[in-house]
Amino acid sequence: MTVEELKKEAAKLGYNIIKKQEYIRFKPCVCGCNSRTHWYGYGHTVFFECNNCGLKSPVGLDEKEAKLNWNKMIEEKENDGKF
């Protein structure tokens with residue numbers, strides 16, 4: 001059965017078929033803490049803040065983007081050696 005056939009059959013039964021979302025694991029903060037506070041800003045923006053040192057991630061438009069921003073920020077700080 002192809003994906004298109006499966007989608008048609010699911011639609012007949014009142015269902016939608018969607019792709020599973022990839023789980024994004026958080027990298028620990030450069031201070032070593034692995035605990036963050038989840039903040040919602042204005043206009044449905046999201047960011048994370050380390051509970052130990054207060055390091056804040058760049059703002060994302062949704063949770064997935066905010067997690068990716070956090071991990072990217074941590075990678076950059078680890079590569080720079082300035083933390």
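No value in this document is a laboratory result; all are computed from the given coordinates. These numbers were taken from a predicted model, which means no experiment stands behind them. Neighbour counts run over all protein chains shown; Cβ positions are idealised from the backbone, glycine included.
Before moving on, here are some points about what is shown:
- Ordering LEU6, LEU68 by the number of other Cβ atoms within 10 Å of each residue's own Cβ, fewest first, gives LEU6, LEU68.
- Extension gain for CYS53-LYS27 works out to 7.9 nm (0.36 nm per residue, less the C-alpha to C-alpha distance).
- Loop trypsin sites (Lys or Arg not before Pro), region 1-62, which have at most 12 other Cβ atoms in a 10 Å radius of their Cβ (DSSP): LYS19, LYS20, ARG25
- Among the listed values (1) 113; (2) 142; (3) 78, the one matching volume of the Cα convex hull per residue in Å³ as calculated from this structure is (2).
- Spatially close lysines, pair count over the chain: Cα under 16 Å, gap of eight or more or interchain: 18
- Net length available on complete extension from ASP62 to THR2 is 18.4 nm, with 0.36 nm assigned per residue and the Cα-Cα distance removed.
- Region 16-24 - phi-based ³J(HN,Hα) in whole Hz, Karplus 6.51/-1.76/1.60, Gly and Pro as x: 10, 10, 10, 6, 5, 7, 6, 7, 9
- Between 0 and 90 degrees, the angle of helix 63-80 with respect to the longest Cα principal axis of the chain falls at about 40 degrees.
- Chain lengthening between HIS44 and LYS12 when straightened (0.36 nm per residue, less Cα-Cα): 8.0 nm
- Region 64-81 residues near the modelled LYS20 label - backbone nitrogen below 12 Å, point 7 Å along Cα→Cβ: none
- What you get for region 20-80, charging only the Cβ of Lys and Arg (+1) and of Asp and Glu (-1), is a dipole of about 160 debye around the Cα centre.
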